[in-house]
Amino acid sequence: MADDKTFTQAQVDVLIEEKTKGSLTQDKVDAIVQDRLARERAKYPDYDTLVKFKTDYEKTLDAKTQKELEDKKEYEKAKEGWQKKDQDQLGLIAKKDLEITDMKVGSALMNEIMKQNAYPDETMALLKGQAVFDKEGNIRIKGRDANGLEIMDSIEEGLKKFLTQRPHLVKVQQKAGGGTGAGGTGGAGAGAGAEDLNSLNAELQQAQQRGDTKKINELKVKIRAILGSQKAML
């Protein structure tokens, strides 16, 4: 057995065998183990330094990862805030645009309704949903032709067609200084016609609210007859 206490693997195996047989003391075994450890450490003189470097690196990496996660969380939170703010702003802009559009349509329709002497509130409520903007930004009245195809009329033309189908929405016009007919009854007759038409219009609106189709058709016939006679007198 060597005296420099440097053991080969074969010698270590022999010593272990001797220990197993009880012929080797514990001190000798400890010396063998320490020798083996020393030789292994000698192969890697920077082992402790490497271990420390690895530990420090892992700590640094963990800290960096944690910081990145925290920064990302803060970024996501800030991003959500920005997106919500953008959505709120877009919502306000869209609301204002809608209000402006509604005002433009309402103003244009009301001007034409007054020109064509229709009841403003009732006509506006029924016609406004048919008003749209064309590609050039002009307001048009959407409707259907005789073949059922969609058409886009000007406000003036669209309102004329609309009122032709709903004569009860047109106000009665009394001829100024209607004159006196035979026996002085001409003026009274004009006034009576206007009063009858207004009464029929009121009845028609009530019948429409009830959904009384038969009464609606009867009243429309009467209204058209009075309007026709008035036009003939003008």
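The values are calculated or read from the model by the stated rules, or taken from the named source; none is laboratory data. Nothing here was measured: the structure is a model prediction, and the numbers come from that model. We place every Cβ from the backbone using ideal geometry, glycine too, and count neighbours over all the protein chains shown.
Assess whether Q165 counts as being in contact with a His (Cβ under 8 Å, 6 or more places away or on another chain) and either modelled with pLDDT of 70 or more or surrounded by 12 or more Cβ atoms within 10 Å (Cβ to Cβ) (or both).
Values: in contact with a His (Cβ under 8 Å, 6 or more places away or on another chain): no; either modelled with pLDDT of 70 or more or surrounded by 12 or more Cβ atoms within 10 Å (Cβ to Cβ) (or both): yes.
Here the answer is no, as Q165 does not meet what is asked.
Could you check how many residues of region 200-234 are surrounded by fewer than 11 Cβ atoms within 10 Å (Cβ to Cβ), part of a loop (DSSP other than H, G, I, E, B) and modelled with pLDDT of 75 or more?
Residues meeting the conditions: 1.
Per-residue answers, yes or no, for (1) exposed (fewer than 13 other Cβ atoms within 10 Å of the Cβ); (2) among the acidic types (D, E); (3) not in a helix (DSSP H, G or I):
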site	(1), (2), (3)
D102	yes, yes, no
S107	yes, no, no
N111	yes, no, no
K135	yes, no, yes
G143	no, no, yes
G148	yes, no, yes
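I'd like the full set of residues that are under 19 Å from R166 (Cβ atoms) and not hydrophobic (A, V, I, L, M, F, W, C), limited to region 112-139.
As a first pass, look at region 112-139 and keep what is under 19 Å from R166 (Cβ atoms): 112-131.
Selection gives E112, K115, Q116, N117, Y119, P120, D121, E122, T123, K128, G129, Q130.
Spot the failing condition for K96; the list is (1) surrounded by 10 or more Cβ atoms within 10 Å (Cβ to Cβ); (2) within 27 Å of L163 (Cβ to Cβ), and only one is missed.
Result: K96 passes all but (2).
Does G193 qualify as being at pLDDT below 55 and part of a helix (DSSP H, G or I)? Lay out the reasoning, then the answer.
Numbers: at pLDDT below 55: yes; part of a helix (DSSP H, G or I): yes.
Yes; evaluated as a whole, the condition is true for this residue.
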